[in-house]
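The values are calculated or read from the model by the stated rules, or taken from the named source; none is laboratory data. Please read these numbers as outputs of a predicted model, since none were measured by experiment. Counting neighbours? That spans all protein chains shown, and the Cβs are built from the backbone with ideal geometry, glycine included. SASA here: full protein model, heavy atoms, side chains in, ligands and nucleic acids out. Shrake-Rupley method; radii C 1.70, N 1.55, O 1.52, S 1.80 Å.
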Amino acid sequence: MVHKSPKSFLIFALSLILLASFVFCESFFGHSLITGLGKIHTTDEPAGSFPIPQGAYQQTTILPPASMDMRWWILHSQSLLESHTLRVRETRIDNAPEGREVHWSSGLIWLIAGLAKLFSFFSGHSAVDCVAWAAIVSPLILLSLAVAGVAFMVARRLGWGIAGLFVLVLFTSRTIHEGFVYGMVDHHGIVFSFAIASVLALFFSGAGLVNSKKAKFPFLLDEASARQWMILSGILGGAALWVSAATALPVIVGCGLGAIVTAWSASKAGITIKPDLWRSWGLAGCLTSLGFYALEYFPSRMGWRLEVNHPLYALAWLAAADLLSRLLFWIFNKGRLTNGSLADRLRMGIAVAFVLMPPVMAASRPDLFFYVSDRFLLALHTEYINEFQPLWIILLGEDGAFFNILTTFVWPLVVMIGAPLLLWRPGISPAWRALAFFVMCPLLAMQCLAFSQVRWQGMATGLWIIEALILFVAILQLRTVSRLPRGILSALTALSLLAAIWHPQAVFRNALATTSEFQNGLPKNCAPTVLLRDVAHRLLQASPHQVPVVLAGPNSSTDLSYYSHIRTLGTLYWENVEGLKKAAHIFAAPNAAEALRLIRQAGATHIVVASWDDFGMDYVKLLKDSGEIPEIPAEPFVKSLLDGAEPPDWIRPLYYPIPAVFGLEGQEVRIFAVLPDQSPLDALIHRGIYQLDAGDAQAAKKIFLRARDLNPNDQRSVEGLKAAEALQ
């Protein structure tokens, strides 16, 4: 069914031109925003003009506010280059003072570090200095690789014209495109590409269905060719498991269920079923998963973390494929589950044990094997992190709810209207119905998960588009043997065009609006991250001999670490559950003495509370909701920081005025230095200085009078009183 006509190549070329034009225009606007932000200066002392402590770094490249994970990809890539190792398995930047484990797949880190070395070679700057821009442009590299790989696969089976249309539709759809945005690199686009390609390969293989001498059907392959596609699917699925087990595992399970439904549909039509093909799929996936695990962890970092790719998942996949093959042979080929021998029965029992082992371990001892099930993390994810929110809350809660709903559900609408009306028409091969049933199983699994947590919607969208591809190819085949229903096709064509163009035009409109806003001043959504760059650099300037350790909200902590390598406590990653709890317990401390004890344990030198990300009382609530504390203290430590109450003597407030250029009227950043040995007199003097800097002469005068009463011989209080009177 491969089309190699000049017309097919022309469609492919036009599709790539349209896709490249979309990517270029969007990247141009993104590049303009990032370079424009980088030109904003908030101090007369630029980065590099003052000494900083060893281990610190002054990052000048400002990233879009939505790319929080990207900041950590950059930090990990810089760590890789600085340590001259091949893997980053720990970081000391957050969860001070101990640091924490890192379980992110290394592929993206290697790409960013490799690009940084290439940029360094041509620019003369150090590779570490080039990491940020390497990360900014890396989505274009990832997108190019994904488009090339998927297009080649589709072209091998369906022709270059269909391949071009497919990649154009797939990579301009909203939830897939979000994984490849210029200046917002993350692993989501990578895992979507691997997982979608894995399901595509299964579809192209026939999903266990083959042509035989007795029965031949359009599109299906002979057994040997089908096995090759099955093996490719296993390899791609193993790669997806390496990048994100949370995304790949539901797809793998859904494909297994799809194999059963497909075989049921095929058996009614007399299509030949080859259950043993699934063993090849499972073996390829198992070996690929084991290979990537060894690449990441062997020999010194092997453990029992089931949140990520692990040998137990690889063996469970192999075992499940064996059981699936046995089940299909038993149900549809009138065979038996075992050959009757004791050894084969034992093999089947071992397979069942391997399939059950990962979920049993994760459910029985999450504290040892599955941190994500920690009650504190579950509450954090459920209440505060967007990607863990239900789909409807995100779609209806954001600006442009109609646009989000439209771009999310148009392809499902195309499939749900077209499949029942067209796939059961006379002249349609039953193979198409069987394959549509197959893809529907992982699709429904991912869509149900997406309704509960929006992070899976990208994968679901990709599978809906594969279903649309099956429908499209079936229509092309129907055209050769029967008249096409013009009314239905017209409606489906209109919906498809709407789905294909709505998101790209919206991207252009939003980019133009952002550019216009930037010309009139700093975009409000970018102001906080620019401001925190200034705060981070000022903290470094004030601490030339020691890297500051800052207690702040989770997003502020990430920004501060990115811009200066300042050490922090709580960040929004499951590997850092200890740091999150540490920060939460400090904020929830029932009194200043307990807060100081916990702060000393953490080694914190500063507290930064940004009004848009203070998160202090949210931390306290999380502790209560997760059972970490029995009840919320009457006066938690964070409340004294937020209410403007007089701080304990070991805290020194530092005045930080927000420049008017930021447009953050009504917002504030409170910065406190932690000085456990500060005397009561010094504490009063510096509080008075803070009030003078803030322009509150009356408050400053009262504080300096108290300082004078405490020590009449200290000239600082006398000078402070004079300054307060002059200010009045």
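Here's the list of lysines a cross-link from Lys582 could span, going by alpha-carbon distance under 22 Å and ignoring same-chain residues fewer than 8 apart: Lys621, Lys624, Lys639.
For region 615-676, the extents of the C-alpha atoms along the principal axes are 43, 30, 15 Å, listed from largest to smallest. The residues of the chain present an accessible area of 43 Å² per residue when probed at 1.4 Å with all protein chains retained.
3J(HN,Hα) along region 265-277, derived from phi through the Karplus expression 6.51 cos²θ - 1.76 cosθ + 1.60 where θ = phi - 60°, amounts to 5, 5, 4, 6, 9, x, 7, 6, 10, 10, x, 5, 4 Hz, with x in place of Gly and Pro.
What the pair-distance distribution of region 269-346 shows, using all Cα-Cα distances binned every 5 Å from zero, is 3, 15, 19, 18, 14, 11, 10, 7, 3, 1, 0 percent. Each Cα pair under 8 Å and six or more residues apart adds its sequence gap; the mean of these over the residue count of region 308-403 is a relative contact order of 21 percent. The relative contact order of region 66-218 comes to 20 percent, based on Cα pairs under 8 Å that sit 6 or more residues apart.
Cross-link reach is defined here as a Cα-Cα straight distance under 24 Å, omitting same-chain residues fewer than 8 places apart; for Lys722 the lysines meeting it are Lys701, Lys702. Quotient of the Cα radius of gyration of region 561-674 and 2.2 N^0.38 Å, N being its number of residues: 1.08. 3J(HN,Hα) along region 325-339, derived from phi through the Karplus expression 6.51 cos²θ - 1.76 cosθ + 1.60 where θ = phi - 60°, amounts to 4, 4, 5, 5, 5, 5, 7, 9, 10, 6, x, 10, 5, 10, 7 Hz, with x in place of Gly and Pro.
The share of accessible area on the chain that comes from carbon and sulfur is 63 percent, using a 1.4 angstrom probe. Taking the DSSP bridge list for the chain and keeping only pairs wholly inside it, about 75 percent are antiparallel. Between amide H atoms placed 1.01 Å from N, distances below 5 Å from Asn309 occur with Ala245, all of them 5 or more places distant or on a separate chain. Take every Cα pair under 8 Å whose residues are at least 6 apart in sequence, average their separation, divide by the length of region 399-512, and the relative contact order is 39 percent.
Once backbone amide H atoms are built at 1.01 Å from N, Ile651 has Leu675 as its partners under 5 Å, excluding neighbours fewer than 5 places away on the same chain. The packing ranking of peptides 703-711, 631-639, highest mean first, is 703-711, 631-639, where packing means the average number of other beta carbon atoms within 10 angstrom of each residue.
For region 383-462, the set of GluC sites (Glu not before Pro) satisfying both a DSSP loop assignment and a count of at most 12 other C-beta atoms within 10 Å is given as Glu398. Every pair of different Cα atoms in region 605-728 enters the Kirkwood calculation, which places the hydrodynamic radius at 16.2 Å. Think of it as helices only: each DSSP H run of n ≥ 4 in the chain is worth -39500 (n - 2.57), and spread over all residues that comes to -22000 deg cm²/dmol at 222 nm.
In summary, region 351-439 shows an alpha-carbon radius of gyration equal to 1.72 times the 2.2 N^0.38 Å reference for compact globular proteins. Based on alpha carbons, the Rg and Dmax found for region 221-299 are 14.3, 51 Å. Computed 3J(HN,Hα) for region 521-533, one whole-Hz value per residue from the Karplus formula 6.51 cos²θ - 1.76 cosθ + 1.60 where θ = phi - 60°, is x, 6, x, 4, 6, 8, 4, x, 5, 5, 5, 5, 4, glycine and proline marked x.
The convex hull defined by the C-alpha atoms of region 504-598 has an orientation-averaged projected area of 9.3 nm². Extents of the chain, largest first, come to 107, 62, 49 Å (Cα atoms, principal axes, whole angstrom).
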